[in-house]
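**Q** Take this structure, written in structure tokens, and hold onto it; I'll ask about it next.
The values are calculated or read from the model by the stated rules, or taken from the named source; none is laboratory data. These numbers were taken from a predicted model, which means no experiment stands behind them. Cβ sites come from the backbone with ideal geometry, for glycine too, and all protein chains shown count toward neighbours.
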Amino acid sequence: MLSALRSRVRAARDSALLRPVVARADRIWWARVIRRAGIVDLAYVRAQTGKTLSEAAAVRRYVNGGFRTGLRLSPLFVDTAVGDHLPEAWRVPALYAYLVADPRGLQVSPLWDAQAYGARHPDSWDAPGGPVGHAWRRRETHSLPYGPEAEPAAASWAELSTVITRAAHRARVGGEVPATPGERPLERELILALGPDEWDFDESLAEAVLFADRDDQGVAIAVMDGRAEDWTLASMMAASHPRVRVSRRRHDDPARALDELLRSSAAEVVVVRGPNETLTAADAIRLAERLEAEPVGTAVAPVWRDGDGTIAAVGADAEGRFLAGHPIEDISALGTDTNLEVPGLAGLTFAARRDDVRSDLRGSDAASLVGERAIVALDLETRTRSTAPRADLDGIRSAVRPVETDDLLRRAGWERVSEGPSPRVRRPPRRTTLADGTEVPVLRWALRTAIPVGPRAEGWGDTHFARALAGALRRLGQEVVIDSYAARARSTRHLDDVTVALRGPEPLEASPYGVSLLWVISHPDEITRADVRGFDRVFAASAPWAREAGAELGVDIAPLLQCTDATRFRPTGRPRGDDILFVGTARGILRPSVVEPIRAGIPVTVIGPDWRGWIPASHIRATGVANDELPALYESAGVVLNDHWPAMQRRGFIGNRLFDVVAAGGRAISDRVEGIDALFGGAVATYDTVPELIDMLSGDRDAVFPDTATLAAASERIRAEHSFDARARTLLDAALRARGLESTV
């Protein structure tokens with residue numbers, strides 16, 4: 001009933017006539033829910049706005065757009081910390097979305113663990129406002145919760161309230177605040193700058209909280225942006241923990257701000273993290289440990305990645321940042337050693353003994369000034385969230401030790417050439433012999449994708465598709481790199497012999513270098529003549545669409561269906577259970593293959609994000625699952641539910657989930673797509689209407705599928721004929737023909 005009502009409301013929002021009425025009703029309802037929770041801190045609001053507002057006026061200002069511009073109603077709740085985990089948080093205020101959701105499994109702030117708080121106070125789960133409301137009502141007697149255990153902060157509520165209002169006021173009126181001197185001797189101190197481009201500031205603060213939670217470790221934070229929330233949260237940290245200190249500095253000179261914190265540190269070892277970079281507490285600790293194993297005078301840095309996922313620097317040499325612009329896979333040629341000695345460091349992130357930092361930090365590559373010996377930890381990473389600042393080449397050249405730089409290039413597998421785009425290097429020619437005795441050249445392949453950079457990429461099917469294809473090509477002796485969408489035009493494209501554009505939701509152009517292959521795996525309705533222009537070969541994961549689109553677009557399109565990683569998805573003898581399983585996202589729509597069976601009372605188990613609000617929480621087993629766990633889930637499920645994007649269903653694009661389920665020895669029920677019945681030999685049952693689906697799930701499900709022997713044969717055939725290894729060989733043969741080469745035996 002509730003889902004049906006939501007569907008009707010969403011339909012009304014799409015009506016130009018009803019949209020303003022629904023929007024006004026939405027805001028009234030949001031405000032009512034927030035006010036009933038009783039968690040508004042009016043002093044905090046007044047400090048942010050400079051106005052004395054009633055609770056009703058404060059909430060009204062928040063729901064009328066203040067939530068988008070940084071207005072916050074409670075110091076216990078950080079909108080960005082929870083927004084990505086709630087349905088429609090992009091449209092509705094995150095605080096409202098939290099208050100109408102089941103709070104279990106949700107974090108609400110980088111400063112305290114709401115799940116740990118709920119475990120310690122089980123009555124908070126069902127209290128008004130959940131753990132946020134429960135903690136707020138206890139503030140006078142227990143202060144605010146803080147840290148990974150959500151224990152009461154070191155400061156009382158009266159002290160914290162003063163800190164919060166002063167910090168929010170300072171952020172509004174402006175002005176700098178000098179660093180608090182380090183008075184307590186520490187083994188290690190994490191020193192970081194929060195820059196204005198750091199939209200994931202809550203992630204950085206959460207890692208800082210974890211780092212400072214360990215004995216004899218502290219944190220120093222330079223806030224360098226105008227967001228009231230950043231300075232308020234940093235000030236709350238300093239008031240809540242004795243080993244946290246903060247400064248507020250202008251945003252245009254991060255090196256100077258970090259230098260101030262360094263000079264005032266009382267730690268033996270400092271780990272400095274530059275602005276707008278990712279560095280987990282665990283990696284900061286590992287960086288410090290790596291340094292402590294080295295002699296005095298050494299500085300250690302992680303591999304530095306740019307915002308597009310490419311390498312920003314693996315240290316530096318006399319020519320600048322080493323391997324800048326290369327895909328991250330190019331590190332593998334440096335071998336299995338975790339430490340690489342380099343002429344100097346790059347960037348602003350490093351670990352050093354405080355006494356070894358003898359120069360002021362200046363410029364975007366101030367790490368080059370630190371220490372007498374430089375090490376890059378090849379197994380540790382930091383990443384600039386947006387774009388790495390321009391290299392300070394003069395500063396690097398004046399600071400790094402003069403050594404023979406070609407030695408580093410050779411270790412990384414490159415040799416210099418005299419002409420062409422920069423960097424003027426190439427891989428030495430190589431050949432490899434395949435398992436069938438065929439000899440082929442080793443080509444450098446770039447798989448271009450639509451995937452984002454960072455942890456969000458793990459939730460994309462295209463990520464795992466690209467990795468599986470890369471693995472199959474490597475088993476053919478090929479060299480493979482994977483590019484995020486942001487890196488599709490990286491500066492080192494000229495080093496690639498073959499580019500495979502894995503076309504999903506975003507356009508990917510043919511590369512101007514080497515051979516370009518296009519493989520359309522989804523979103524066929526968005527393909528135009530321009531999208532296929534310039535490619536040497538075009539493939540599509542649909543035989544009927546390949547025929548029709550080839551004639552329409554005037555280009556030969558060969559069918560190349562999606563597939564499975566047969567090295568992972570294969571039967572292991574797990575017994576089949578009775579559960580009805582769905583793994584995937586809600587997509588922000590009412591997916592009938594999941595919602596309708598649940599409405600009919602069928603016990604569907606769902607694993608995936610953003611399902612809150614669409615189905616009862618009791619049906620959600622988890623918000624995600626590790627990709628490595630999928631084979632076991634598929635094999636042991638009674639049946640796996642599947643559906644397709646409407647465009648893919650119409651155009652005959654069969655999703656790779658079905659290949660994975662059948663390859664693992666599982667059974668699936670899916671909406672009908674041309675070719676499914678013949679392809680999977682009965683291991684995938686199809687339906688045309690929701691009543692058909694309900695009937696299949698309500699009756700004897702074993703009767704829907706063939707016998708065990710037939711299912712086993714279907715699984716074996718899919719693994720043999722529709723594996724990534726088979727697809728990789730097709731692509732390799734196509735690339736060799738496009739290059740005018742033939743394999744030899």
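**Q** Condition first: surrounded by 21 or more Cβ atoms within 10 Å (Cβ to Cβ), touching a residue at least 60 places away in the same chain (Cβ under 8 Å), over 27 Å from Gly454 (Cα atoms) and not assigned by TED's automatic domain parsing to the domain that holds Ala257. Can you find one or more residues in the range 335-347 that meet it? I'd like the intermediate steps shown before the answer.
**A** Of the range 335-347, the ones surrounded by 21 or more Cβ atoms within 10 Å (Cβ to Cβ) are 342-347.
Those left that are additionally touching a residue at least 60 places away in the same chain (Cβ under 8 Å): 342-343, 347.
Subset that is over 27 Å from Gly454 (Cα atoms): 343.
So of that shortlist, the ones also not assigned by TED's automatic domain parsing to the domain that holds Ala257 come out as 343.
Yes, because at least one residue in the range 335-347 is surrounded by 21 or more Cβ atoms within 10 Å (Cβ to Cβ), touching a residue at least 60 places away in the same chain (Cβ under 8 Å), over 27 Å from Gly454 (Cα atoms) and not assigned by TED's automatic domain parsing to the domain that holds Ala257.
**Q** Continuing with the same structure: In the range 686-730, which residues are of a type in the set (Val, Ile, Thr) and either without any contact (Cβ under 8 Å) to a residue 12 or more places away in the chain or farther than 21 Å from His644 by Cα (or both)? Lay out the reasoning, then the answer.
**A** First pass over the range 686-730, keeping only residues of a type in the set (Val, Ile, Thr): 686, 689-690, 694, 704, 708, 710, 718, 730.
Of everything in the range 686-730, those that are of a type in the set (Val, Ile, Thr) and either without any contact (Cβ under 8 Å) to a residue 12 or more places away in the chain or farther than 21 Å from His644 by Cα (or both) turn out to be Thr689, Thr708, Thr710, Thr730.
**Q** Follow-up question, since we're still on this one. Please work out if Gly307 is over 22 Å from Leu409 (Cβ atoms), of a type in the set (Gly, Ala, Ser) and assigned by TED's automatic domain parsing to the domain that holds Asp355.
**A** Numbers: over 22 Å from Leu409 (Cβ atoms): yes; of a type in the set (Gly, Ala, Ser): yes; assigned by TED's automatic domain parsing to the domain that holds Asp355: yes.
Criteria met by Gly307.
**Q** Of the residues that sit in the range 407-448 and are aliphatic (A, V, I, L, M) and within 18 Å of Phe322 (Cβ to Cβ), which one is surrounded by the most Cβ atoms within 10 Å (Cβ to Cβ)? Can you show your working first?
**A** To start, the set of residues in the range 407-448 that are aliphatic (A, V, I, L, M) comprises 408-409, 412, 417, 425, 434-435, 440, 442-443, 446-447.
Right, trim to within 18 Å of Phe322 (Cβ to Cβ) and you get 408-409, 412, 417, 425.
Details: Leu408: 21, Leu409: 18, Ala412: 19, Val417: 10, Val425: 17.
Of everything passing the filter in the range 407-448, Leu408 is surrounded by the most Cβ atoms within 10 Å (Cβ to Cβ).
**Q** Another question, then. Can you tell me which of Arg727, Arg719 is over 28 Å from Ile598 (Cα atoms), touching a Phe, Trp or Tyr at 6+ places or on another chain (Cβ under 8 Å) and among the basic types (Lys, Arg)? Outline the logic, then answer.
**A** Working: Arg727 fails: touching a Phe, Trp or Tyr at 6+ places or on another chain (Cβ under 8 Å).
Sole residue among the options that is over 28 Å from Ile598 (Cα atoms), touching a Phe, Trp or Tyr at 6+ places or on another chain (Cβ under 8 Å) and among the basic types (Lys, Arg): Arg719.
**Q** Would you confirm, using the coordinates I've provided, whether Leu560 is within 30 Å of Arg537 (Cα to Cα) and either buried (at least 17 other Cβ atoms within 10 Å of the Cβ) or modelled with pLDDT of 95 or more (or both)? Working first, answer last.
**A** Details: within 30 Å of Arg537 (Cα to Cα): yes; either buried (at least 17 other Cβ atoms within 10 Å of the Cβ) or modelled with pLDDT of 95 or more (or both): yes.
For Leu560, the condition - within 30 Å of Arg537 (Cα to Cα) and either buried (at least 17 other Cβ atoms within 10 Å of the Cβ) or modelled with pLDDT of 95 or more (or both) - is met.
**Q** Counting just the residues of the range 212-244 that are farther than 21 Å from Phe77 by Cα and of a type outside the set (A, V, I, L, M), which one comes out surrounded by the most Cβ atoms within 10 Å (Cβ to Cβ)?
**A** Once the filter is applied, the top-ranked residue is Gly218.
**Q** Let me ask something else about it. Name the residue, out of Pro131, Pro103, that is touching a helix residue (DSSP H, G or I) at 6+ places or on another chain (Cβ under 9 Å) and outside any helix (DSSP H, G or I).
**A** On the way: Pro131 fails: outside any helix (DSSP H, G or I).
Result of the check over Pro131, Pro103: Pro103.
**Q** Could you check how many residues of the range 679-710 are of a type in the set (A, V, I, L, M), surrounded by fewer than 17 Cβ atoms within 10 Å (Cβ to Cβ) and closer than 24 Å to Thr567 by Cα?
**A** Taking the range 679-710 first, the residues of a type in the set (A, V, I, L, M) are 679, 683-685, 690, 693-694, 696-697, 703-704, 709.
Next, only the ones that are surrounded by fewer than 17 Cβ atoms within 10 Å (Cβ to Cβ) stay: 690, 703-704, 709.
Filter once more, keeping what is closer than 24 Å to Thr567 by Cα: 709.
Number of matching residues: 1.
**Q** Are there any helices (runs of 4 or more DSSP H) wholly within the range 136-251 with 2 or more residues that are among the aromatic types (Phe, Trp, Tyr), and if so which? Walk me through how you get there before you give the answer.
**A** Values: elements: 139-142, 157-173, 201-212, 228-240.
The qualifying helices (runs of 4 or more DSSP H) are 201-212.
**Q** Test Gly655 against the criterion of being in the same structural domain as Pro631 (by TED's automatic domain parsing) and at positive phi, and give yes or no.
**A** no
**Q** Could you please find all residues in the range 219-235 being touching a Gly at 6+ places or on another chain (Cβ under 7 Å) and either at pLDDT below 90 or aromatic (Phe, Trp, Tyr) (or both)?
**A** Within the range 219-235, Asp225, Arg227, Ala228 meet the criteria.
**Q** Consider Ala487 carefully, then state whether it is in contact with a helix residue (DSSP H, G or I) (Cβ under 7 Å, 6 or more places away or on another chain), of a type in the set (Gly, Ala, Ser) and crowded, with 23+ Cβ neighbours inside 10 Å. Give the derivation first.
**A** Working: in contact with a helix residue (DSSP H, G or I) (Cβ under 7 Å, 6 or more places away or on another chain): no; of a type in the set (Gly, Ala, Ser): yes; crowded, with 23+ Cβ neighbours inside 10 Å: yes.
Spelling it out, it is not the case that Ala487 is in contact with a helix residue (DSSP H, G or I) (Cβ under 7 Å, 6 or more places away or on another chain), of a type in the set (Gly, Ala, Ser) and crowded, with 23+ Cβ neighbours inside 10 Å.
**Q** State which residue is farthest from the chain's Cα centre (by Cα) when the search covers only the range 579-634 and only residues that are closer than 17 Å to Arg667 by Cα and among the polar types (S, T, N, Q).
**A** Ser593
**Q** Condition check: out of contact with any Ser or Thr (no Cβ under 9 Å at 6 or more places or on another chain), outside any loop (DSSP other than H, G, I, E, B), closer than 25 Å to Ala388 by Cα and of a type in the set (A, V, I, L, M, F, W, C). Does Val538 satisfy that? So that I can check it myself, show each step before the final result.
**A** Values: out of contact with any Ser or Thr (no Cβ under 9 Å at 6 or more places or on another chain): yes; outside any loop (DSSP other than H, G, I, E, B): yes; closer than 25 Å to Ala388 by Cα: no; of a type in the set (A, V, I, L, M, F, W, C): yes.
For Val538, the condition - out of contact with any Ser or Thr (no Cβ under 9 Å at 6 or more places or on another chain), outside any loop (DSSP other than H, G, I, E, B), closer than 25 Å to Ala388 by Cα and of a type in the set (A, V, I, L, M, F, W, C) - is not met.
**Q** Next question. Any residue that is modelled with pLDDT of 95 or more, small (Gly, Ala, Ser) and outside the structural domain of Lys51 (by TED's automatic domain parsing) - is there at least one of those in the range 190-203?
**A** no
**Q** With (1) in a helix (DSSP H, G or I); (2) crowded, with 22+ Cβ neighbours inside 10 Å as the list, and Leu502 as the residue in question, which single condition is left unmet?
**A** It is condition (1) that Leu502 fails.
**Q** Within the range 336-362, restricting attention to residues that are within 19 Å of Arg390 (Cβ to Cβ) and more than 29 Å from the chain's Cα centre (by Cα), which residue is modelled with the highest pLDDT?
**A** Among them, the one singled out is Gly344.
**Q** Restricting the first residue to the range 262-289 and requiring it to be on the phi > 0 side of the Ramachandran plot and of a type outside the set (A, V, I, L, M), which pairs with a second residue that is outside any strand (DSSP E or B) and surrounded by fewer than 22 Cβ atoms within 10 Å (Cβ to Cβ) meet a Cβ separation below 7 Å and a spacing of at least six or different chains?
**A** Once the first residue is on the phi > 0 side of the Ramachandran plot and of a type outside the set (A, V, I, L, M) and sits in the range 262-289, its partners that are outside any strand (DSSP E or B) and surrounded by fewer than 22 Cβ atoms within 10 Å (Cβ to Cβ) give Asn276/Asp197; Asn276/Arg385; Asn276/Ser386.
**Q** Applying the selection to the range 184-199, what residues are within 19 Å of the chain's Cα centre (by Cα) and crowded, with 18+ Cβ neighbours inside 10 Å?
**A** Within the range 184-199, just Glu198 meets the criteria.
**Q** Just to be sure I understand, how many residues within the range 656-683 are within 19 Å of Arg574 (Cα to Cα) and in a strand (DSSP E or B)?
**A** 1
**Q** Name the residues in the range 247-259 that are within 26 Å of Trp112 (Cα to Cα) and surrounded by 24 or more Cβ atoms within 10 Å (Cβ to Cβ), would you? Reasoning before the result, please.
**A** Just the residues of the range 247-259 that are within 26 Å of Trp112 (Cα to Cα), to begin with: 247-249, 258.
Within the range 247-259, Arg248, Leu258 meet the criteria.
**Q** Which residues, taken from the range 68-100, are in a loop (DSSP other than H, G, I, E, B), at pLDDT below 90 and surrounded by fewer than 19 Cβ atoms within 10 Å (Cβ to Cβ)?
**A** First, the residues of the range 68-100 that are in a loop (DSSP other than H, G, I, E, B): 70-78, 86-93, 100.
So of that shortlist, the ones also at pLDDT below 90 come out as 86-92, 100.
Glu88, Trp90, Arg91, Val100 - these are the residues of the range 68-100 that are in a loop (DSSP other than H, G, I, E, B), at pLDDT below 90 and surrounded by fewer than 19 Cβ atoms within 10 Å (Cβ to Cβ).
**Q** Let me ask you something else. Which count do you get for residues in the range 222-265 that are of a type in the set (Val, Ile, Thr) and touching a Leu at 6+ places or on another chain (Cβ under 6 Å)?
**A** Restricting attention to the range 222-265, the residues satisfying the condition of being of a type in the set (Val, Ile, Thr) are 223, 232, 244, 246.
Checking which are touching a Leu at 6+ places or on another chain (Cβ under 6 Å) leaves us with 223.
Counting residues in the range 222-265 that are of a type in the set (Val, Ile, Thr) and touching a Leu at 6+ places or on another chain (Cβ under 6 Å) gives 1.
**Q** Moving to a separate point now. Going by the conditions given, is Asp392 modelled with pLDDT of 95 or more, among the acidic types (Asp, Glu) and either under 21 Å from Pro423 (Cβ atoms) or not assigned by TED's automatic domain parsing to the domain that holds Arg467 (or both)?
**A** Working: modelled with pLDDT of 95 or more: no; among the acidic types (Asp, Glu): yes; either under 21 Å from Pro423 (Cβ atoms) or not assigned by TED's automatic domain parsing to the domain that holds Arg467 (or both): yes.
So Asp392 fails the test.
**Q** Could you check how many residues of the range 596-644 are of a type in the set (Val, Ile, Thr), in contact with a strand residue (DSSP E or B) (Cβ under 6 Å, 6 or more places away or on another chain) and in contact (Cβ under 8 Å) with a residue 24 or more places away in the chain? Before the answer, list the steps.
**A** Step one: of the range 596-644, the residues of a type in the set (Val, Ile, Thr) are 598, 602, 604-607, 615, 620, 623, 625, 639-640.
With in contact with a strand residue (DSSP E or B) (Cβ under 6 Å, 6 or more places away or on another chain) added as a condition, the list becomes 598, 604-607, 620, 625, 639-640.
Next cut, in contact (Cβ under 8 Å) with a residue 24 or more places away in the chain only: 604-607, 625, 639-640.
The number of residues fulfilling the criteria is 7.
**Q** Condition (residue is under 30 Å from Leu291 (Cα atoms) and either part of a helix (DSSP H, G or I) or out of contact with any Asp or Glu (no Cβ under 6 Å at 6 or more places or on another chain) (or both)) applied to the range 425-448: is it met by at least one residue?
**A** Looking only at the range 425-448, we keep the residues that are under 30 Å from Leu291 (Cα atoms), and these are none.
The answer is no, given that none of the residues of the range 425-448 is under 30 Å from Leu291 (Cα atoms) and either part of a helix (DSSP H, G or I) or out of contact with any Asp or Glu (no Cβ under 6 Å at 6 or more places or on another chain) (or both).
**Q** Go through the range 596-618 and count every residue that is modelled with pLDDT of 90 or more and either buried (at least 18 other Cβ atoms within 10 Å of the Cβ) or assigned to a strand (DSSP E or B) (or both).
**A** The number of residues fulfilling the criteria is 7.
**Q** Which number in (1) in contact with a strand residue (DSSP E or B) (Cβ under 9 Å, 6 or more places away or on another chain); (2) under 25 Å from Phe465 (Cβ atoms); (3) part of a loop (DSSP other than H, G, I, E, B); (4) not assigned by TED's automatic domain parsing to the domain that holds Leu469 marks the one condition that Thr572 misses?
**A** All conditions are met except number (1).
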